[in-house]
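To start, the structure under review is shown below, and the notes come after it.
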C-alpha cells in the first residue's frame, strides 16, 4: 500500500513539475515575442515614407512604456513584464492542477 501511494505521489509531482516548467517557459516568452513583434511592426512602418512619423511615434511609445516598468531601462521593463506574466501563469497552472486533482 505504501509503495503504491509513493508511486502515485511521484507521478503527480512529476506531472506538476513538467506542467509548471512548460507554463513558465511559455508565459515568459509570450510577452517578449508580443513586444518584439510590435516593435518590429512599427520599425517596418517607419521605413515607409508616408507613414514614417507614425512608426517612429509607435517605437517611442513602446520604449517609454517599457522604460516605465524598468526604472528607465526598456530592456529591464521587458524582463519585468515577462517575469510577472510567468509568475501569473505558474499560479494559474497550479490552481488548475489542484482543481483537476481534486475532481479526479
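The values are calculated or read from the model by the stated rules, or taken from the named source; none is laboratory data. Fair warning: this is a prediction, and the values are worked out from it, not measured in the lab. In this analysis, Cβ positions are derived from the backbone assuming ideal geometry, glycine residues included, and neighbour counts consider all displayed protein chains.
Confirm whether residue 54 is in contact with a helix residue (DSSP H, G or I) (Cβ under 8 Å, 6 or more places away or on another chain), assigned to a helix (DSSP H, G or I) and surrounded by 17 or more Cβ atoms within 10 Å (Cβ to Cβ). The answer is no for residue 54. Pairs needed: first member in region 75-91, touching a residue at least 60 places away in the same chain (Cβ under 8 Å); second member anywhere, part of a helix (DSSP H, G or I) and surrounded by 14 or more Cβ atoms within 10 Å (Cβ to Cβ); C-beta distance under 6 Å; at least 6 residues apart or different chains. Within 6 Å, the pairs are 86/24; 86/27; 86/28; 89/23; 89/27; 90/20; 90/23; 90/24. State which residue is farthest from residue 90 (Cα to Cα) when the search covers only region 7-27 and only residues that are at pLDDT below 90 and surrounded by 11 or more Cβ atoms within 10 Å (Cβ to Cβ). For region 7-27, the residue satisfying everything is 12. Would you confirm, using the coordinates I've provided, whether residue 30 is surrounded by fewer than 13 Cβ atoms within 10 Å (Cβ to Cβ), modelled with pLDDT of 95 or more, in contact with a helix residue (DSSP H, G or I) (Cβ under 9 Å, 6 or more places away or on another chain) and in a helix (DSSP H, G or I)? Against the criterion (surrounded by fewer than 13 Cβ atoms within 10 Å (Cβ to Cβ), modelled with pLDDT of 95 or more, in contact with a helix residue (DSSP H, G or I) (Cβ under 9 Å, 6 or more places away or on another chain) and in a helix (DSSP H, G or I)), residue 30 does not qualify.
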